[in-house]
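A.B. asks: First the structure, then my questions, so here it is.
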Amino acid sequence: MENSFDGKKHAEEVKALLRERMIALQHEYGRVPCMSVLLVGDDYGSQRYVASCEKNAALVGMDCRVIRMSADSSEKEVLAQIQALNEDSSVDGILIQMPLPKHISQAKVVATLSPEKDVDGVTDTNVAQLWKNKRSDYSRFNVPCTPRSAMRILEAAGIELDGKNTIVVGRSNIVGLPVSKLLMNANATVTVAHSHTRDLPAILRRADIIVSAIGQPKFITADMVSEGAVVVDVGINYDSETGKLCGDVDYENVAPKCRMITPVPGGVGPLTICSLIENTIDCFLRLRA
Ligand code: NAP
């Protein structure tokens, strides 16, 4: 479909530029940036994501070191590992893959992570920077990778944001809230909807732009979307009927009404790892500034 944003193709173009950037960084600094990924346990989705991080880092020529710890590792061991990575001068960016096993406190993990190396913008320092700054200056602080990709898609598709009525569905710290702040920084008028929102269909029908981060398969149906709307579907779900990957949006039925829509798979996802690589480069450069 013509209005379907080809995230895979766009990610290939971004990766070609990132490959060139790695060569230039190697030339200027004597080494390429290095991201360390900490994977605790054997969550299937996390393993797939981390494998994709390794593959894409190799593709662009960035150093990526995955540290795997067993699911029964103690909280003390995990925190000590993060501290060691904070202090390792050969590591520029650290990704702590979530979810962590239940006995490990996510709050303690995030508090231990160095904000300077926090490639997914989860530490309090990076969150505060995002909320206190009116501009999204990615070179000054890290923002979470998925919201950064959603913004890149809107920009690449030439979607005007200034003054637009934008509805973000979902208010998680990793997707909904940061994407809503990035949209506000771009002067969109933003409504954040969530599970307590009354009459979501009516609210969605008034939207110029919808960003969905709910986590429920095909939740947004054609009757909830106005003609000419822009829809960015961040959801990653499995369709219970087909067992296939799908988004929060009923793509088949919603797409014909849209000016632009991102498919799942192949929309936001491929660009998220590009953002992760870019955040690592930003950490590398800030540590050398
Ligand atoms: P989350 O923490 O579970 O948050 C889901 C949000 O959706 C919550 O704010 C929740 O509201 C809201 N919600 C749930 N049911 C709703 C309903 N019926 N009506 C309106 N709002 C509703 O999930 P997340 O971590 O933000 O992830 C969201 C989705 O994005 C998931 O499918 C995840 O797999 C996907 N994801 C994709 C990427 C990517 O790179 N493409 C990255 C991260 C996540 P309450 O706050 O009221 O509970």
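The values are calculated or read from the model by the stated rules, or taken from the named source; none is laboratory data. The structure displayed is predicted, hence computed values, not measured ones. Here Cβ is always computed from backbone atoms with ideal geometry, including for glycine, and neighbour counts include all displayed protein chains. Only protein heavy atoms, including side chains, enter the accessible area calculation; ligands, DNA and RNA are left aside. Shrake-Rupley method; radii C 1.70, N 1.55, O 1.52, S 1.80 Å.
A.B. asks: If amide hydrogens are placed 1.01 Å from N in the peptide plane, which non-local residues have theirs closer than 5 Å to the one on Arg259?
C.D. replies: Gly228, Ala229, Val230
A.B. asks: Spelling out what I want: for every residue of region 214-225, take phi, set θ = phi - 60°, compute 6.51 cos²θ - 1.76 cosθ + 1.60 (Karplus), and round to whole Hz; glycine and proline get x.
C.D. replies: Ordered by residue, 3J(HN,Hα) equals 9, x, 10, x, 6, 6, 8, 9, 4, 5, 9, 10 Hz.
A.B. asks: While we're on this one: Report the Cα-based extents of the chain along its three principal axes, largest first, to the nearest Å.
C.D. replies: Principal axes ranked by extent give 52, 42, 38 Å for the Cα atoms.
A.B. asks: Roughly how many whole Å is it from the C-alpha centroid of region 128-142 to that of region 20-58?
C.D. replies: 23 Å
A.B. asks: Determine the dipole magnitude for the chain: charges of +1 sit on the beta-carbon of Lys and Arg, -1 on that of Asp and Glu, nothing else is charged, the reference point is the Cα centre, and the result goes in debye to the nearest 20. Walk me through the numbers on the way to the answer.
C.D. replies: Values: 32 positive and 36 negative charges, 95 e Å.
Computed charge dipole of the chain: roughly 460 debye.
A.B. asks: To continue, here is another question. To the nearest 10 square angstrom, how much accessible area does Asp124 have with a 1.4 angstrom probe?
C.D. replies: Roll a 1.4 Å probe over it and Asp124 shows about 120 Å².
A.B. asks: Determine the equivalent ellipsoid of region 145-268 by diagonalising the alpha-carbon gyration tensor, then write out the semi-axes as square roots of 5 times the eigenvalues, largest first, rounded to whole Å.
C.D. replies: The answer is 20, 15, 15 Å, longest axis first.
A.B. asks: Could you run the Karplus curve 6.51 cos²θ - 1.76 cosθ + 1.60 with θ = phi - 60° over region 7-16 and give me ³J(HN,Hα) per residue in whole Hz, x for Gly and Pro?
C.D. replies: Result, ordered by residue: x, 5, 5, 5, 4, 4, 5, 5, 5, 4 Hz.
A.B. asks: Per DSSP H run of n ≥ 4, the term is -39500 (n - 2.57); total these for the chain, divide by its residue number, and report the mean residue ellipticity at 222 nm rounded to 500 deg cm²/dmol.
C.D. replies: The helix-only estimate for the chain comes to -13000 deg cm²/dmol at 222 nm.
A.B. asks: Please work out how much accessible surface Asp42 shows to a 1.4 Å probe, ignoring ligands, DNA and RNA, in Å² rounded to 10.
C.D. replies: Only protein atoms counted, so the area is about 110 Å².
A.B. asks: For Lys218, which aspartates and glutamates qualify as cross-link partners when the Cα separation must be under 13 Å and same-chain residues fewer than eight apart are set aside?
C.D. replies: Within reach: Asp233, Asp239, Glu241, Asp248, Asp250, Glu252.
A.B. asks: For region 1-105, what is the accessible area per residue in Å² when the probe is 1.4 Å?
C.D. replies: That works out to 54 Å² for each residue.
A.B. asks: Quick query: amide H of Ser172 versus all other amide H atoms, modeled in the peptide plane; which residues come in under 5 Å with a sequence gap of 5 or more or a different chain?
C.D. replies: Leu177
A.B. asks: How big is the dipole moment of region 145-268 about its Cα centre under a simple scheme where the beta carbon of each Lys and Arg is +1, that of each Asp and Glu is -1, and everything else is neutral? Debye, nearest 20, please.
C.D. replies: On the way: 12 positive and 13 negative charges, 69 e Å.
Once rounded to the nearest 20, the dipole reads 340 debye.
A.B. asks: Considering amide H positions built from the backbone, and no H for Pro or chain starts, which residues 5 or more places from Asp63, or on another chain, come under 5 Å of its amide H?
C.D. replies: Met35
A.B. asks: If you don't mind, another one. Quick check for you: with a 1.4 Å probe and neighbouring chains kept, what is the accessible area per residue of region 145-268, in Å²?
C.D. replies: Working: 5450 Å² over 124 residues.
In whole numbers, region 145-268 has 44 Å² accessible per residue.
A.B. asks: A follow-up question, please. Report in % the part of the accessible area of the chain that belongs to carbon and sulfur, leaving out ligands and nucleic acids; probe 1.4 Å.
C.D. replies: On the way: 7010 of 13780 Å².
That share works out to 51 percent.
A.B. asks: Calculate one ³J(HN,Hα) per residue across region 22-37 by plugging θ = phi - 60° into the Karplus curve 6.51 cos²θ - 1.76 cosθ + 1.60, and present them in order as whole Hz with x for glycine and proline.
C.D. replies: Running phi through 6.51 cos²θ - 1.76 cosθ + 1.60 with θ = phi - 60° gives 5, 4, 5, 5, 4, 5, 7, 10, x, 7, 8, x, 10, 10, 10, 10 Hz.
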